[in-house]
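The values are calculated or read from the model by the stated rules, or taken from the named source; none is laboratory data. As the structure is a computational prediction, the values presented were derived from the model and not from experiment. All Cβ positions, even for glycine, are placed from backbone atoms using ideal geometry, and neighbour counts span all protein chains on display. With ligands, DNA and RNA removed, areas are computed over all heavy atoms of the protein, side chains included. Shrake-Rupley method; radii C 1.70, N 1.55, O 1.52, S 1.80 Å.
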Amino acid sequence: MDRAAFACSTAFFHDYSSASHGAICLPQGHVDYIEKVESFSYSDFFRDYLIPNHPCVFSAKFTEGWGSRRNWVTRDGKPNFDYLLQHFGKAVVPVANCDVKEYNSNPKEQIPLKEYISYWKEYIKKNYHSPRGCLYLKDWHLYRAFPEQDVYTTPIYFTSDWLNEYWDAIGLDDYRFVYMGPKGSWTPFHADVFRSYSWSANICGKKKWLLYPPRQEYHLRDRHGNLPFDVTAPGLQDSSIYPRYAQSCPPVEIIQEAGEIVFIPSGWHHQVYNLEDTISINHNWVNGCNVAIMWSFLQDELAAVQREISEWRDTMEDWHLQCQVIMKSCTGINYKEFYNFLKVIAENRISVLNHVLDEEASAKNTHRAATSALGMLHAVFDLKRTVQVLTSLNANEDFKKLNPKSLSPPPEALLHHLKAAIDTALL
């Protein structure tokens with residue numbers, strides 16, 4: 001991060017509430033195309049897309065060195081089934097049925113990759129029809145299962161990745177996925193986990209994206225407040241069911257070609273189609289620019305849980321703790337874990353500022369090394385944003401009921417430490 005980008009971030013995020021719900025200015029349907037690697041810096045991306053929360057597309061030049069683009073694709077641009085079978089055939093993968101709706105999503109099953117590829121070949125041979133329906137391999141944690149494989153390198157623009165930094169640190173999960181699916185497979189209308197950013201790189205094939213900026217989803221809800229499963233369904237034209245649909249703007253449409261990367265901003269709802277047999281690599285990620293949006297989302301999620309079980313507020317023992325348990329089961333994180341998330345990120349940034357990252361540590365902690373590569377000013381920016389969100393968390397009445405003084409360190413002590421580190425770094 002250069003000084004101009006740091007100054008831009010300081011001006012934009014001077015007030016916590018000013019950037020807590022995403023972009024206000026919309027791109028009027030236009031999505032920038034980033035052509036050249038050598039003329040596009042991290043600071044360019046940070047200033048022009050992360051801060052304003054706008055989408056963009058990176059050309060295939062940004063992925064041309066990836067092992068997956070060399071090895072996973074045949075000379076005619078199709079999935080290389082033989083290579084995938086040879087290297088990953090015994091892996092068990094999650095597969096969704098695109099033809100079945102179940103609780104506003106597609107039901108999933110776990111099957112061996114070799115069985116899925118056998119199905120896929122037969123599906124193509126039968127002109128994209130099967131009694132099993134249209135099956136889509138989704139959310140496969142290939143990076144975690146096969147870390148030694150030469151698959152891809154995360155572009156520098158996406159390396160300030162707090163989600164994967166935290167979940168790697170606690171060793172429980174990650175938000176790096178591989179998607180593989182035939183022509184006609186698709187993902188229903190949704191916004192990403194924790195209202196995170198996502199980036200999606202096509203290894204081969206072609207996708208169509210339909211994007212809606214934050215707040216547009218309000219107009220797409222039905223009279224009961226539910227979002228549509230398929231945003232292109234004719235039923236949305238029925239004003240008795242979708243009373244505000246006529247007020248919605250047309251979606252931003254992107255056609256993504258092989259090798260290209262799409263950046264999906266925080267809180268943008270989207271629906272995605274595979275126009276050809278397609279393989280993609282996807283990350284969900286959070287950083288200092290959208291961590292306040294994540295925190296706002298978590299507050300909304302807890303409020304929804306509290307409304308759902310409000311009738312037991314006075315009779316259920318430790319009702320507020322039960323709300324946290326339910327929230328974690330539905331969302332994947334609760335308030336105490338969110339505090340730990342912020343603490344881990346903050347401690348890593350302080351380590352960078354203290355120059356404790358030697359070559360041996362760099363080899364062992366790729367996230368901290370990536371942060372160090374982004375520069376001291378980026379570490380300061382991350383700490384400042386952590387302080388802003390942590391201050392809001394510490395003042396939250398529901399968080400206060402969780403005995404935060406029992407946390408290690410207590411929030412007040414952590415805040416004091418972070419503010420001192422920022423002051424020292426800016427001397």
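Restricting attention to the range 111-128, the residues being part of a helix (DSSP H, G or I) and in contact (Cβ under 8 Å) with a residue 24 or more places away in the chain number 8. GLN256 meets the conditions (1) out of contact with any strand residue (DSSP E or B) (no Cβ under 6 Å at 6 or more places or on another chain); (2) closer than 29 Å to ALA60 by Cα; (3) of a type in the set (S, T, N, Q) in every case but one. The failed one is (1). The sole residue among TYR143, TYR136 that is of a type in the set (Ser, Thr, Tyr) and assigned to a strand (DSSP E or B) is TYR136. Determine the pairs where a residue that is among the acidic types (Asp, Glu), located within the range 138-149, has a partner that is crowded, with 19+ Cβ neighbours inside 10 Å with Cβ atoms under 7 Å apart, the partner being 6 or more residues away or on another chain. Final answer for the pair search is ASP139/PHE177.
For every residue, the table says whether it meets (1) crowded, with 16+ Cβ neighbours inside 10 Å; (2) within 24 Å of ASN284 (Cα to Cα).
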position	(1), (2)
ASP99	no, no
ASN104	no, yes
PRO107	no, yes
SER118	no, no
HIS141	yes, yes
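For beta carbons closer than 7 Å, sequence separation of 6+ or different chains, a first residue in the range 345-361 that is farther than 9 Å from ALA379 by Cα and open to solvent by 30 Å² or more (accessible area, probe 1.4 Å) and a second that is assigned to a helix (DSSP H, G or I) and at pLDDT 90 or above, the qualifying pairs are LEU357/SER351. Only one of the numbered conditions (1) open to solvent by 50 Å² or more (accessible area, probe 1.4 Å); (2) touching a residue at least 24 places away in the same chain (Cβ under 8 Å) is violated by ALA91, and that is (1). In the range 1-103, counting only helices (runs of 4 or more DSSP H) that sit wholly within it, the ones holding 1 or more residues that are modelled with pLDDT under 95 and more than 25 Å from HIS270 (Cα to Cα) span 3-12.
Exactly one residue among ASP314, ASP300 is acidic (Asp, Glu), open to solvent by 60 Å² or more (accessible area, probe 1.4 Å) and either touching a residue at least 60 places away in the same chain (Cβ under 8 Å) or within 14 Å of VAL193 (Cα to Cα) (or both), and that residue is ASP300.
Per-residue answers, yes or no, for (1) at pLDDT 95 or above; (2) crowded, with 22+ Cβ neighbours inside 10 Å; (3) not small (Gly, Ala, Ser):
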| site | (1), (2), (3) |
| --- | --- |
| ALA191 | yes, no, no |
| TYR218 | yes, no, yes |
| LEU227 | yes, no, yes |
| ILE255 | yes, no, yes |
| ALA258 | yes, no, no |
| TRP268 | yes, yes, yes |
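Conditions tested, residue by residue: (1) of a type in the set (D, E, K, R); (2) in a strand (DSSP E or B); (3) over 18 Å from the mean Cα position of the chain (by Cα).
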residue: GLU109; (1), (2), (3): yes, yes, yes
residue: SER130; (1), (2), (3): no, no, yes
residue: GLU148; (1), (2), (3): yes, no, yes
residue: TYR152; (1), (2), (3): no, no, no
residue: TYR157; (1), (2), (3): no, no, no
residue: ALA169; (1), (2), (3): no, no, no
residue: LEU172; (1), (2), (3): no, no, no
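Taken as a whole, the structure leaves PRO214 outside the set of residues that are in contact (Cβ under 8 Å) with a residue 60 or more places away in the chain, closer than 30 Å to ASP76 by Cα and open to solvent by less than 30 Å² (accessible area, probe 1.4 Å). Residues that are loosely packed, with under 13 Cβ neighbours inside 10 Å and assigned to a loop (DSSP other than H, G, I, E, B) within the range 378-408 comprise ASN403, SER408, listed in sequence order.
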